[in-house]
Amino acid sequence: MTAERRAKVMQVCERHDVLVVEDNPYGLLRYDGEAQPTLYSQGQGNVIYLGSLSKTLSPGLRIGWALAPSAVRAKLVLAAESAMLSHSTFNQLVVRRYLDTFPWREQIKTFNAMYSERRDAMLSSLSSLMPEGCTWTEPEGGFFVWATLPEGIDAKAMLPRAVTERVAYVPGTGFYADGRGRASMRLSFCYPTPDQIREGVRRLVGAIEGELDLRDTFGSTLSPSAEGSQAPAADLP
Ligand SMILES: Cc1ncc(COP(=O)(O)O)c(C=O)c1O
């Protein structure tokens, strides 16, 4: 979201007394463009801000943080304790030592250079290989490209074909509560090397071309349930 849009979202939420959860584990992972102001910086009274070391240090440490209005924070502490009994004090000490003694901002610059190269490998492979009718985002940060397939192709139905080719993605329906997103998929470029990414895109394109053949022979590959999920039935609660 642009800074203007963020400000407008916050105005609407404040006007209607809506509590906002700002989940921002990727904020420091930016490769182009300017950092945008957090929602928290614009409306602390009604924002719960979530941060994590999972993307910039290690997911296995399970260390993150929440900035929340104090009444909410007290409830969060209770909820966290009932879910986990106790946080790992040892891991928190490890992180404290890391932040105190290690040049972590420099480390993030190193990560950003690496991820930016991986993103570029994915974007240039998509540009040269994706069939006509596919579209995708060009992210300025984070780990993911959001790609959308041509009309009539169901990304979830295509997944077994892709996995057989040993390439995987998260189908777009996982990102909506109402069944939308079936033509889309989330592609990750964080872990594989640029060469592996190029090979992954080549395999993915093979799977898409297989689905396009199916569609052109038999019509849409969208399953009846997926068709139905586009518009929830009126009698559903
Ligand atoms: C948007 C988003 N929020 C939060 C998380 C989870 O972070 P954590 O490992 O701190 O639970 C992830 C991890 O994949 C994520 O993509």
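Looking only at the range 56-76, which residues are more than 26 Å from the chain's Cα centre (by Cα) and aliphatic (A, V, I, L, M)?
Selection gives Ala71, Ala74.
Between residues in the range 91-117 that are among the hydrophobic types (A, V, I, L, M, F, W, C) and modelled with pLDDT of 95 or more and residues that are assigned to a helix (DSSP H, G or I) and surrounded by 10 or more Cβ atoms within 10 Å (Cβ to Cβ), which pairs lie under 8 Å by C-beta distance while being six or more apart or on different chains?
Listed by first residue and then by second, the contacts come to Val94/Leu61; Val95/Leu61; Trp104/Tyr98.
Considering only residues that are of a type in the set (D, E, K, R) and closer than 21 Å to Gly219 by Cα, which ones fall in the range 138-171?
Glu151, Asp154, Lys156, Arg161
Looking at the range 23-43, I want the residues that are in the same structural domain as Lys55 (by TED's automatic domain parsing) and have a partner that is within 15 Å of the ligand (Cβ to nearest atom) and among the aliphatic types (A, V, I, L, M) with Cβ atoms under 8 Å, at least 6 apart or on another chain. Which pairs are those?
Correct list of pairs: Asp23/Leu50; Asn24/Leu50; Pro25/Leu50; Gln36/Met1; Leu39/Val20; Tyr40/Leu67; Gly43/Val20.
Asp120 versus (1) closer than 24 Å to Ala66 by Cα; (2) modelled with pLDDT of 95 or more: which is the lone unmet condition?
Status for Asp120: all satisfied but (1).
Take the residues of the range 113-170 that are in a strand (DSSP E or B) and of a type outside the set (S, T, N, Q): which is surrounded by the most Cβ atoms within 10 Å (Cβ to Cβ)?
Here the residue is Ala147.
Condition first: crowded, with 21+ Cβ neighbours inside 10 Å and part of a loop (DSSP other than H, G, I, E, B). Now tell me which residues in the range 182-205 satisfy that.
The answer is Arg182, Ala183, Phe189.
Identify all residues within the range 65-75 that are exposed (fewer than 13 other Cβ atoms within 10 Å of the Cβ) and within 15 Å of the ligand (Cβ to nearest atom); write none if there are none.
Across the range 65-75, the qualifying residue is only Trp65.
Just to be sure I understand, how many residues within the range 1-35 are assigned to a loop (DSSP other than H, G, I, E, B), over 21 Å from Val72 (Cβ atoms) and within 16 Å of the ligand (Cβ to nearest atom)?
Qualifying residue count for the region: 4.
Hey, could you check the range 155-173 for residues that are of a type in the set (Gly, Ala, Ser) and closer than 10 Å to Ser184 by Cβ and say which is farthest from the chain's Cα centre (by Cα)? Give the derivation first.
Looking only at the range 155-173, we keep the residues that are of a type in the set (Gly, Ala, Ser), and these are 155, 157, 162, 168, 172.
When the remaining residues are screened for being closer than 10 Å to Ser184 by Cβ, the result is 155, 172.
Working: Ala155: 16, Gly172: 11 Å.
Checking each candidate, the answer is Ala155.
Considering only residues that are in a strand (DSSP E or B), of a type outside the set (Ser, Thr, Tyr) and within 11 Å of the ligand (Cβ to nearest atom), which ones fall in the range 36-62?
Listed by number, the residues that qualify are Leu50, Gly51.
How do the pairs read when you match residues in the range 45-65 that are free of Cβ contacts under 8 Å to residues at least 24 places away in the same chain with residues anywhere that are in a strand (DSSP E or B), using Cβ under 8 Å and keeping only pairs 6 or more apart or on different chains?
Trp65/Leu50; Trp65/Gly51; Trp65/Ser52
The values are calculated or read from the model by the stated rules, or taken from the named source; none is laboratory data. No experiment lies behind these values; they were computed from the predicted model shown. Glycine gets a Cβ as well: all are built from the backbone with ideal geometry, and neighbour counts include every protein chain shown.
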